[in-house]
Amino acid sequence: MEFSLSSEQKLLVDTVRRFIRSELAPLEARIEAEGRLAPELARAIHEKSKSLGLYALNIPEEHGGGGLSAVDTMLVEEQFGHTTDILIRRAFGNVYEALLACRGEQVERWLRPCVRGERVCSIAITEPGAGSDAAGIATRAVKTARGWTLTGNKHFISDGEVSDFFIVSALTNEPGAQKEISLFLVDKGLPGFALGKDQPMMGLRGTSHLELFFDGVELGDECLLGPRGEGFKLALAVLGRVRLAQVGARAVGKASHVLELAAEQAAQRRQFGQPIADFQMVQQMLADSVIEINAARLMVLHAAWQIDQGADARDWISMVKVQAAETLGRVVDRAVQIYGGMGYCKELPIERYYRDARIYRIFDGTSEIHRGSIARSLRRHGAALFDVDR
């Protein structure tokens, strides 16, 4: 088993790391203060990132993306965790692999413009009555002679304010028939499609989280993404990659960044005539953080390796989701403690990291949901299912 990075991987990670430090990190305080990323800044960082070949790295080269493997993608996503959500979205793109299901005219209308950064896409699955339970949606698309009629609503749709189109999940079965879920490509601005309020959040400043309302929105047959009735399966496959990247790898990166700051603070802050890094209880907090971060990192990379091998990594992704999200929470909490009163002040970024970390245990399936999924797999298949060689 080879754990070392190739020269190409090292160069990729170093390039992304330097870009984040030089171009994105200086913008974080401004976004936190203003609550938004100015359009001219968004365009500037997009152009700089694209010029370095860092946009849409997860999409195959045949469509203009970076063509990275799952493992390489996670190495990059860990670096993404060193900055804020909105800057990641604008600089590196948020191109969902679900768009790879595009066929025919869909490719030029939705997929490739998104890969080029000309159009922005969001996934719209979550509803007021269907959060972690993606199968519990009520939004419905009814088949018509000209295509489909979409009715329902979604909420907590990240990037909804700036998105040009949405991947929307909807029921497509006839009344009384077995439930089936399909995905649709829905352009903003269609008659009957209305944007609701932007829900203010505890953290993630600058990223919009909108409500969407569909009142008899007419869609052509070309708006159906993938086969009819296969939407839930497609969504699960895509959400698995999203969980691994945007929760697992980014949580590891964010925790690593916070640990660096906490270790530096522990070395500089003095109490009772000595650095607090000399106190055993502080050393334990730092050591536990190192151990947990590295455990989560190896889990992320193993799950990514499984994906690259064509294996079913869903159970490992669930484990990663819980481990990485909760590791981040513990690491940031320890950092606040190490900083003391200053860690609770808005003057320093630790307070922001503390707020931003809390959502990781909730979005893309709560920790409780994933623990339940892991336990069910254990009961069905036994502990051998989780062996690293499977």
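The values are calculated or read from the model by the stated rules, or taken from the named source; none is laboratory data. On a predicted model such as this, the values are computed, not experimentally measured, just so you know. Virtual Cβ from ideal backbone geometry, glycine too; neighbours counted across all protein chains shown. Areas reflect the complete protein model, heavy atoms only, side chains present, ligands, DNA and RNA absent. Shrake-Rupley method; radii C 1.70, N 1.55, O 1.52, S 1.80 Å.
A few notes on this one:
- Accessible surface computed residue by residue for region 235-353, with neighbouring protein chains in place and a 1.4 Å probe, gives 44 Å² per residue.
- All other residues whose Cβ lies under 10 angstrom from that of Leu328 are scored, Lys and Arg at +1 and Asp and Glu at -1, for a net of +1.
- For a straight C-alpha distance cut-off of 17 angstrom, the lysines reachable from Lys154 (same-chain residues fewer than eight places away being disregarded) are Lys188, Lys197.
- Using alpha-carbon coordinates, inclination of helix 280-308 to the longest axis of the chain, degrees: 30
- Here the relative contact order of the chain, from alpha carbon pairs under 8 Å that lie six or more residues apart, stands at 14 percent.
- Full extension of the chain segment joining Lys346 with Gln178 gains 55.3 nm, where the gain is 0.36 nm per residue of separation less the Cα-Cα distance.
- Under 21 Å from Lys10, Cα to Cα: lysines that are on another chain or at least 8 residues apart: Lys48, Lys50, Lys254
- Whole-percent carbon and sulfur share, accessible surface of the chain, 1.4 Å: 54
- Prolate/oblate/rounded label for region 51-154 (Cα gyration tensor, a/c 1.5): oblate
- Counting only lysines at least 8 places from Lys179 when in the same chain, those with an alpha carbon closer than 16 Å to its own are Lys143, Lys233.
- Take every pair of alpha-carbon atoms less than 8 Å apart whose residues are at least six positions apart; their mean separation over the length of region 92-200 yields a relative contact order of 22 percent.
- Per-peptide packing, taken as the mean over residues of other Cβ atoms within 10 Å, places 200-211, 171-182 in the sequence 200-211, 171-182 from highest down.
- When peptides 184-197, 62-75 are sorted by average Cβ neighbour count within 10 Å, with the highest value leading, the order is 62-75, 184-197.
- Considering only Ser367, Ser169, Ser377, the Gaussian network model of the chain with Cα springs below 10 Å gives its largest mean-square fluctuation to Ser377.
- Within a Gaussian network of the chain (alpha carbon springs, distance under 10 Å), most fluctuating of Tyr339, Tyr96, Tyr354: Tyr339
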